[in-house]
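Below is one structure; the comments refer to it alone.
Read the figures in this text as sums done on the coordinates, not as results from a lab. Everything numeric here is computed off the predicted structure, so don't read it as measured data. In this analysis, Cβ positions are derived from the backbone assuming ideal geometry, glycine residues included, and neighbour counts consider all displayed protein chains.
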Amino acid sequence: MAWFRNLSRFSTINVSRRHDPFLLSSFNCFSSNNINTNPTIEKPSVDPVQYSGLGPTKPHEKPRVVVLGSGWAGCRLMKGLDPEIYDIVCVSPRNHMVFTPLLASTCVGTLEFRSVAEPIARIQPAISREPGSYFFLSNCTGISADKHMVHCETVTEGEQALDPWSFTVSYDKLVIALGAQPTTFGIRGVKEHAIFLREVHHAQEIRRKLLLNLMLSDVPGISEEEKRRLLHCVVVGGGPTGVEFSGELSDFIMRDVRQRYAHVKDYVHVTLIEANEILSSFDVRLRNYATKQLTKSGVRLVRGTVKDVQDQNIILNDGSEVPYGLLVWSTGVGPSPLIHALDLPKAPGGGRIGVDEWLRVPSVQDIFSIGDCSGFVESTGRQTLPALAQVAEREGKYLAHLLNKIGKAGGGRANSGKDIDFGEPFVYKHLGSMASVGSYKALVDLRQSKETKGISLAGFISWFIWRSAYLTRVVSWRNRIYVAINWATTLVFGRDISRI
Ligand SMILES: Cc1cc2nc3c(=O)[nH]c(=O)nc-3n(C[C@H](O)[C@H](O)[C@H](O)COP(=O)(O)OP(=O)(O)OC[C@H]3O[C@@H](n4cnc5c(N)ncnc54)[C@H](O)[C@@H]3O)c2cc1C
């Protein structure tokens, strides 16, 4: 019966909620070809309207932009798209955007989880209001560029979840903003035993595990050795995320654990393992400052390469064993298997989707790609941009302007708009990098690149700039207020240590 429940929900949402005279004709495009027709499943007494796709747009409808992904790139794009010109359909396994620069702060309770999650319906209200705009909580599983169609599968979670089912969505314009996935370099055991830090549920898992280990280590009968293992937090990867997370952990230990877990305070340790230099993209002076600061606040920096990850131990290349209670993996990102598998041009090097100067995917019609999943094709002579929120955000903003311009000029429909002047190509100007290192200290590097000269600061003023900059970048006023209140509460009362 699961498929029936799913379909009736789908048809209810799409048909009865929206009173549009054109809607039924538009929804006739939902064909039933791909419906799960397992003969063993009991047939419902009243035959539901069976839809398995959102078909091509009709002449009386607005052209449809389908956005794959709800991260920095996809959300900034949706925010800028004009709902008077386009219907917007977003396909993503999460219904919110994650404000990643502040995610590490949620792992130890400096910030609450909701403060870094921005619902899509707030970013682009048309998604929940306009009759032809939708958000589908699903994964894209493939793209048929020749048919202007994406293939999707609904997201399922937990044992009680509905069975997943597949459907298709036709597009006039398609924007691929699928992001990237953490790299594990094929090291055995990473996926099974380490926690990544990319989504809110990762931060929740880290916080639960950290608090669980703190409480377990305090129960009678636990050996000294086990206590030390449980309270050993290991971070692998010395980029900005790994360093910021280590800094947050050390702040948590210095201030909150010492006060509230006084019995075990001397057993808690943080180790940061990095194969090369930490914060390699920063100025050497800032790197040295970060190293000193982290060491001063009790973070043990280990230069080494992880060879194997076991249930309770990490094995390094030199054969040494590092027992751990919490392992966070943050060694950079690369394209997902879906990006690799898509039959689209690729950027040189790592397998990202190739785009031209206007962020179009060459050799296919009406497909654009932005954010961490894309890079310039070789013929542009441009280098692939770093996997950064500021790149993704600016690409999303640029593409929203471009698509609005195309739509206004009458080129919004599939296979139209070839003769429209696209105007200025996308140009990226790096605004600088920031990273907090804990103890109210941060680094601000305003150089355009590693080779150029420019301002770089470290210390309390940088920390103030870091906080102010991110507070102003938080997408909505609601979350800005949440973040400010969380920071103030943490300052006055300390971090929340309840394991909920
Ligand atoms: C902890 C952390 C801290 C960071 N700090 C900074 C910082 O301080 N400054 C900075 O510039 N950058 C920072 N970054 C990097 C920045 O977050 C990324 O570069 C940025 O998120 C890229 O945006 P994106 O839209 O390309 O991808 P993402 O934001 O990753 O979004 C990808 C979207 O695609 C969705 N998706 C994935 N697979 C599918 C599928 N099959 N079908 C449909 N949807 C799918 C995902 O659910 C997600 O919604 C940080 C990253 C992390 C993890």
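When you count the other C-beta atoms within 10 angstrom of each residue and take the mean per peptide, 354-360, 215-221, 414-420, 326-332 line up highest first as 326-332, 354-360, 414-420, 215-221. With a Förster radius of 45 Å applied to the C-beta separation of GLN365 and LYS307, the computed FRET efficiency comes to 0.45. The dipole here belongs to the stretch 226-305: it is taken about the Cα centre, uses +1 on the Cβ of Lys and Arg and -1 on the Cβ of Asp and Glu, and is about 340 debye. Counting neighbouring Cβ atoms within 10 Å and putting the fewest first, the residues HIS96, HIS193 line up as HIS193, HIS96.
At full extension, ASP343 and LEU431 could sit 28.3 nm farther apart than now, given 0.36 nm per residue minus the alpha carbon distance.
When peptides 421-430, 260-269, 283-292, 101-110 are ranked by their average number of other Cβ atoms within 10 Å per residue, the highest-first order is 101-110, 283-292, 260-269, 421-430. The label-point distance for HIS60 and ASN415, in a model that sets each label 7 Å from Cα toward Cβ, rounds to 2.3 nm. With respect to the chain, whose longest principal axis is taken over its alpha-carbon atoms, helix 2-11 is tilted by about 70°.
Note on MET434, MET97: ascending count of other Cβ atoms within 10 Å places them as MET434, MET97, the fewest first. Dipole magnitude for the chain: about 1240 debye, using +1 per Lys or Arg Cβ and -1 per Asp or Glu Cβ, origin at the Cα centre. With the highest mean first, a sort of the peptides 199-208, 84-93 on other beta-carbon atoms found within 10 angstrom per residue produces 84-93, 199-208.
Tell me what the chain gives for mean residue ellipticity at 222 nm when only DSSP H runs of n ≥ 4 count, each as -39,500 (n - 2.57), the sum divided by the residue total, rounded to 500 deg cm²/dmol.
Rounded to the nearest 500, the figure is -8500 deg cm²/dmol.
On the basis of the beta-carbon distance and an R0 of 22 Å, GLU451 and TRP358 show a calculated FRET efficiency of 0.20. For the chain, the residue among TRP477, PRO182, SER166 whose Cα projects farthest onto the positive side of the dipole built from Cβ charges is TRP477.
Taking label positions 7 Å along the Cα-Cβ direction at both GLU84 and THR380, the computed distance is 3.0 nm, reported to one decimal. Legend: calculated FRET efficiency, ARG129 to ASP318, from the Cβ-Cβ distance at R0 = 45 Å, rounded to 0.05, equals 0.15.
Arrange the following residues from fewest to most other Cβ atoms within 10 Å of their Cβ: CYS152, CYS75. Before the final figure, lay out the partial values.
Values: CYS152 25, CYS75 28.
With the sparsest Cβ surroundings first, the list reads CYS152, CYS75.
Available extension along the chain between LYS191 and SER498 is 107.8 nm, counting 0.36 nm per residue and deducting the alpha carbon span. Separation of the stretch 182-239 and the stretch 416-468, taken as the distance between their Cα centroids, equals 31 angstrom. Against the chain, whose longest principal axis comes from its Cα atoms, helix 284-296 is set at around 60 degrees.
Rounded to the nearest 10 degrees, the inclination of helix 200-216 to the longest alpha-carbon principal axis of the chain is 30 degrees.
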